[in-house]
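Peer 1: Take this structure first; my questions come after.
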Amino acid sequence: APLGVAVIGTGRMGADHVRRIHEVTSGARVAAVVDVDAERAKAVAARVDGCTAHTDPAAAMAAPGVDAVLIASPGPAHEAALLAAFEHDLPVLCEKPLTPDAASALRVLEAEQRLGHRRVQVGFMRRYDPEYAKLKALLATGQLGRPLMLHNRHRNVASPPFFTSSMLISDSVAHEADVTRWLLGHEITAVTVLRPTPSASAPDALQDPQFVVFETDGGALSDVEIFVNCGFGYQVQAEVVCERGTARIGDGHALVTNMAGRWGGTIAQDWTERFETAYDQEIQTWVDATRRGEVTGPSTWDGYAAAAVCEAGVRALEDGGRVEVELVERPALYA
Ligand code: NAD
Ligand code: ISE
């Protein structure tokens, strides 16, 4: 039987994941949806035969035909939903960030350990992007030698009204925290955040852009330009500089046109476009692993480590200077 998924949060990401599971993913069905906005939940449920609509995550988890949970509510709501899923011992795909700060991420990490087995895949979908996967595979061959530096650029067209300066780190740079750890296989040990004069296009009081530097326990540096009101497009680029060469992704040169004395291409406008294949792969991999009774992909440990890095980053943004990342010892469950 297909995996019955309860989708919690039917906003932009949640509604897109409902569409994906319904139309793209094989071996799964949307059995229930949840939103604090009852009308939104009902409208999304109406698109899928037999899907029930709820306002309470616990009610959805207990609903008939629900075998797994996809959490796509805002970050601050993730902890409660994760703990409820653990109570029902249900497998979870949790959108990033696991939680917005290290203390709450640690509570989730401890709760999963009490359960005694891994249940969570965190939605760091860049790991499933074909370009990032190629970069990871190239690094693994060792041909380029040891990675010395990773340069990341992360640009959004415009930030939503509720976005704060610290969210550039905890919500956006969270992806680079994961990408740096995953690509290099290092832990991030310290964070520094530099603050150029904000763009005139940034909403009042928003520190945008920011320049973030991660130091790693493998002796590498990873820098991130985060610019969430760049205006022109959605761009995520990465270049790794190694001892014997460099490699870069995200230039978006899949289609180049020449016309009227100019050459060029188009730039994606948001993540749903740039990372469509990554989301498709992420959800399919989760469904396939769950049906085999396995948990793969970014773990609760990865979610916790990213949260701890971001928390150090937010302190570095607020206080200036270099802030060290404090991690608990990695539990055996995540060895
Ligand atoms: P959104 O605001 O569009 O949607 C959130 C929805 O959750 C809303 O419908 C809201 O009513 C509902 N909600 C709020 N509190 C809830 C609760 N306690 N229980 C159930 N529903 C609740 O937000 P979004 O952009 O869809 O983001 C959702 C999640 O996805 C966030 O964790 C965000 O960081 C993540 N996200 C990930 C990516 C990615 O690239 N992987 C991109 C965007 C957003
Ligand atoms: C958003 O939540 C995402 O996860 C996007 O991938 C990222 O580009 C954006 O900055 C975040 O706000």
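Peer 1: Just how far, in whole angstrom, is segment 198-246 from segment 307-330 if you go by their alpha carbon centroids?
Peer 2: What the calculation gives is 17 Å, centre to centre.
Peer 1: Also: What are the residues whose amide H is under 5 Å from the amide H of residue 36, where those residues sit 5 or more places off or on another chain and H is modelled from the backbone?
Peer 2: When sequence neighbours closer than 5 places are left aside, there are no close amide H contacts.
Peer 1: In whole Hz, with x marking every Gly and Pro, tabulate ³J(HN,Hα) for segment 60-75 from phi via Karplus 6.51 cos²θ - 1.76 cosθ + 1.60, θ = phi - 60°.
Peer 2: 5, 5, 8, 5, x, x, 8, 10, 7, 10, 10, 9, 9, 7, x, x
Peer 1: So, one more: Pop the C-beta distance of residue 146 and residue 268 into the FRET formula with R0 = 41 Å and round what comes out to the nearest 0.05. Display every interim value, and only then the final one.
Peer 2: Details: r = 32 Å, r/R0 = 0.78.
Rounded to the nearest 0.05, the efficiency is 0.80.
Peer 1: Pick from 65, 123, 321 the residue whose mean-square fluctuation is largest in a GNM of the chain, springs joining Cα atoms under 10 Å.
Peer 2: Its mean-square fluctuation being the largest, the pick is 321.
Peer 1: Arrange the following residues from fewest to most other Cβ atoms within 10 Å of their Cβ: 211, 227.
Peer 2: Numbers: 211 14, 227 23.
Going from least to most buried by this count: 211, 227.
Peer 1: Only counting other Cβ atoms within 10 Å, I'd like 267, 71 sorted with the fewest neighbours first. All intermediate terms of the calculation are to be shown ahead of the outcome.
Peer 2: Details: 267 15, 71 30.
Fewest to most other Cβ atoms nearby, the residues stand as 267, 71.
Peer 1: Still on this structure: In what order do 257, 216 fall by count of nearby beta-carbon atoms within 10 Å, going from fewest to most?
Peer 2: 257, 216
Peer 1: Provide the gained length on full extension for the span residue 89 to residue 137, in nm with one decimal, where the gain is 0.36 nm per separating residue minus the Cα-Cα distance.
Peer 2: Gain in length upon complete extension: 13.9 nm.
Peer 1: Given Cα pairs under 8 Å that are at least 6 residues apart, what percent is the relative contact order of the chain?
Peer 2: Details: 682 pairs, mean separation 65.7, N = 335.
Normalised by residue count, the contact order of the chain is 20 percent.
Peer 1: Placing unit charges on C-beta atoms (Lys and Arg positive, Asp and Glu negative, everything else neutral), compute the dipole magnitude of segment 111-197 about its Cα centre in debye, rounded to 20.
Peer 2: 140 debye
Bear in mind these aren't lab numbers, they're just calculated from the coordinates by the rules spelled out. None of the values given here were measured: they were computed from a predicted structure. Quick reminder, even Gly has a Cβ in these numbers, built from the backbone with ideal geometry, and neighbours come from all protein chains shown.
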